[in-house]
Every structure is written in C-alpha cells, then in structure tokens.
Amino acid sequence: MKLHFYLSFLSFAILRFATTVTSQGTISLALATSNDETAASASVPFNVLFDASKIQKAVSIHANSGTSIPISQNAIQCQCFSDKEGKQALGQPFNTDFPGAKLGPEPVKIGAIFCSDEAGMKKQMENVSPAPKVEIPTFTPPSQTSTANPSSAATSSPTPQPQQQVPTAAVRFALSTDASDDSSTQMSVPFDTIVPFSPNNRKPVFSVIVISLSSRGESTSDELVCQAFADAEAQKPIAAGFRLEEERILTGELVAVETVGCAMLGGGGFGGTWGLVGSGA
C-alpha cells in the first residue's frame, strides 16, 4: 500500500513538473550566420538557460516571436553568452526588434542563450561579466582652415538635424522546398520602398515571410503588406502579397526573385499603386 502511494505521488510530481516546464513556452530566434545575410533559426525555452553550443555560429541574432509564453511579445528580452554556464555575456541584450544584437564582425560560437522577461533577465545577469565592446569605426570630418573670424564661422555653421528612422520589415526567404531544410536568407525592407532581393547572395526562393517589424512599424502591422517581384521594375508580382507572420509559398517550386517591396495597404506609395495583386488570399 505504501509503495503504491509513493509511486502515485512520484508520478504526480513528475507530471506536474513537466507541465510547469512546458507551460513556460519557447522563443523562436533568427541568426544571421554570415555577412551576406544567410540565416538559420533556433528555438529556446523561455526563462531557462539554453545550451547553444550545437547551433551555428552567427554574426548577429534577434528574437522572432514567443509561443505559449506568459508575457507579451514586446516584453521578450534575450542575451547570448560565450560560455555554456552563462557567465560571460556575448553581444548586447536583444528582443524582437530587427536586426537584433551584433555578435562580431565574423561568425562566432555561442555558448548559451537566455530569454525571459525583465525580472528574469535581471536575475540571470547577476555576477555576469559584461560583453566586450565592439569597436565601431567613426567618421572624423577634415580639419577646418583658419578664418579671420572663427566665432563668426562657428555661428554660421548649420545645425545638424536628427534623421527620422524609416520603419522596416524583416523579411525571411526559404531557399529549399524540403520542409526539413531550414536554409534561408534574411533582409530588412524599408516601408514604401522597392529593393533588390539580397544582391550579395541571390538564390532561388521557395517561400517568403515577414518575421518582425521595427518598433516604429509595430502600430501599423495590420495594414502592412509585402510583395515579391520577378523583375527589377516591380511590375511582375510573384503570387499574392504577404503580411506579418504569413508565409507565402511563391509558385510551389524554387523561383528567382528580383525585387521586394513593403508598404501600407491602400496608401499612396507602393501598396496603393499596385495594390499587391492577390493580397486578399
């Protein structure tokens, strides 16, 4: 009788523990595995330090989305580490904003990844060594020639105005018809702009999807539509338009993509001009 009770209690405890772990959910990540925009994907458990030693090296990383997590998508916070124990930070913290965290000028090995909310991240980062600073080249203007009245010259110089950042869509292109092959490439497409498809790494494409938007584009996600084209002039759309997290299979086979555009549906620019043929599908 006692043995039966013990086994029943143990089974209940294991089931409850498993339910608690799975209920935490997962975070889908996108990794830029080279400087020519080749990409890979990974999935890590929420609020659990993940051993990332077996995933591909990367130059940058960002979070796509969370599944069954107890927080909102824009509250996701992640951090890479160079060691499996999570004691040496690698790159800066990142979230769902594209392009995410830069890890190095060349692909680097990731030891561990942790994704959680603000409180979980604060606890995880206790006693963690900060990430080494990445040196970013800065432009130094040429020295000015001397003038008769330096103060007058200084006051006449125009005051630089801050530039407004154009909202962008992070678009991922699947490069294989095989569902088990996750080879892909990724690029950032500014709103109301037609851009060449990945000119440094052009390959035939099977499907395309918008995986995330920049922070300034999140409020307009319901109206945003993107389109792939077979020509440089964006006059020959391939299949229907596609929206955020809506995968569009282009022809059912690998097909050459020449240009890509993203815009607000019904606006005066790209979205309103061509209307994104078949976007109602």
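Quick one: is Asn149 modelled with pLDDT under 90 and over 18 Å from Ile61 (Cβ atoms)? Give the derivation first.
Details: modelled with pLDDT under 90: yes; over 18 Å from Ile61 (Cβ atoms): yes.
Considered against the rule, which asks whether it is modelled with pLDDT under 90 and over 18 Å from Ile61 (Cβ atoms), Asn149 comes out as yes.
For region 72-80, does any single residue satisfy the condition of being within 18 Å of Gln124 (Cα to Cα) and in contact with a Phe, Trp or Tyr (Cβ under 7 Å, 6 or more places away or on another chain)?
Pass one, region 72-80, residues within 18 Å of Gln124 (Cα to Cα): 75-80.
After this cut, where a residue has to be in contact with a Phe, Trp or Tyr (Cβ under 7 Å, 6 or more places away or on another chain) as well, the list is 78-79.
There is at least one residue in region 72-80 that is within 18 Å of Gln124 (Cα to Cα) and in contact with a Phe, Trp or Tyr (Cβ under 7 Å, 6 or more places away or on another chain).
Going through region 45-92 one residue at a time, which ones are closer than 18 Å to Pro105 by Cβ and charged (D, E, K, R)?
Step one: filter region 45-92 for residues closer than 18 Å to Pro105 by Cβ, giving 56-62, 80, 82, 89-92.
Lys57 - this is the single residue of region 45-92 that is closer than 18 Å to Pro105 by Cβ and charged (D, E, K, R).
Within region 112-130, how many residues are surrounded by 16 or more Cβ atoms within 10 Å (Cβ to Cβ) and not in a loop (DSSP other than H, G, I, E, B)?
Looking only at that region, the number is 8.
Please determine whether any residue of region 24-33 is under 19 Å from Ile211 (Cα atoms) and in contact with a Leu (Cβ under 7 Å, 6 or more places away or on another chain). Talk me through it step by step, then tell me what you get.
Going residue by residue through region 24-33, those that are under 19 Å from Ile211 (Cα atoms) are 25-33.
Filter once more, keeping what is in contact with a Leu (Cβ under 7 Å, 6 or more places away or on another chain): none.
Looking through region 24-33, none of the residues is under 19 Å from Ile211 (Cα atoms) and in contact with a Leu (Cβ under 7 Å, 6 or more places away or on another chain).
Kindly establish whether Gly261 is at pLDDT below 85 and out of contact with any His (no Cβ under 7 Å at 6 or more places or on another chain). Full working, then the answer.
Working: at pLDDT below 85: no; out of contact with any His (no Cβ under 7 Å at 6 or more places or on another chain): yes.
Considered against the rule, which asks whether it is at pLDDT below 85 and out of contact with any His (no Cβ under 7 Å at 6 or more places or on another chain), Gly261 comes out as no.
Contact list please: Cβ distance under 6 Å, first residue in region 179-196 and touching a residue at least 24 places away in the same chain (Cβ under 8 Å), second residue open to solvent by 20 Å² or more (accessible area, probe 1.4 Å) and part of a strand (DSSP E or B), pairs at least six apart or on different chains.
Close Cβ pairs (under 6 Å, with a partner that is open to solvent by 20 Å² or more (accessible area, probe 1.4 Å) and part of a strand (DSSP E or B)) amount to Asp182/Ser41; Ser184/Arg172; Ser184/Ala174; Thr185/Thr38; Gln186/Arg172; Ser188/Thr168; Val189/Val195; Pro190/Thr168.
The values are calculated or read from the model by the stated rules, or taken from the named source; none is laboratory data. As the structure is a computational prediction, the values presented were derived from the model and not from experiment. Using ideal geometry, Cβ is built from the backbone for each residue, glycine included, and neighbour counts are taken over all protein chains shown. Note: accessible area is taken over every heavy atom of the protein model, side chains too, but ligands, DNA and RNA are not part of it. Shrake-Rupley method; radii C 1.70, N 1.55, O 1.52, S 1.80 Å.
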